[in-house]
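Asks: Can you read through this structure? Questions will come right after.
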Amino acid sequence: MWILHEGMLSLVGLAAGGVIAAGVFAFLAIIGIFPRVIGKTGTKRHILLYETVIVLGGVLGNISDLYEFPILMGGRIMLAVFGLATGIFVGCLVMSLAETLKAMPVISRRVHLSVGLQYVILSFAAGKLAGALVYFIRDMAA
């Protein structure tokens, strides 16, 4: 009886995780993050590679979250590379979402900003970067 109970819980958990993952990837595809990155980089001929890497990233991310593998080689370097990649991804996601929602024209009208919106966005990003660097450098030095 216990095996049946655990098996059903496992099945429901895997199904729920699959639905959530599919929803997240559908959201990313709908807001246009993948076509925008492909268009900006001019790598349309590698669409199959993009699809493979996106699916592989989702699967490996879930596996590493579940099993919590230790980072054996280059721990801090790998952490820095992962942080940089995550930051780039989140930046692309935010900008795609902002373009989808047309938030930038609303913000620029509200603050009466006609020229230089890119500098405002760049200053937000630089402030976020500076704050993150101070946080991590202080933590690493301690």
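The values are calculated or read from the model by the stated rules, or taken from the named source; none is laboratory data. The shown structure was predicted, so the numbers you read here are calculated from the model rather than taken from an experiment. Here the Cβ is made from the backbone with ideal geometry for all residues, glycine too, and neighbour counts use every protein chain on show. Quick note on the areas: whole protein, heavy atoms, side chains included, nothing else; ligands and nucleic acids left out. Shrake-Rupley method; radii C 1.70, N 1.55, O 1.52, S 1.80 Å.
Asks: For segment 48-58, enumerate the residues that are open to solvent by less than 70 Å² (accessible area, probe 1.4 Å) and aliphatic (A, V, I, L, M).
Replies: Ile54
Asks: Is at least one residue of segment 36-47 outside any helix (DSSP H, G or I), more than 24 Å from Val94 (Cα to Cα) and open to solvent by 50 Å² or more (accessible area, probe 1.4 Å)?
Replies: no
Asks: Is it the case, given these coordinates, that Met73 is modelled with pLDDT of 75 or more, farther than 24 Å from Ala26 by Cβ and of a type in the set (A, V, I, L, M, F, W, C)?
Replies: no
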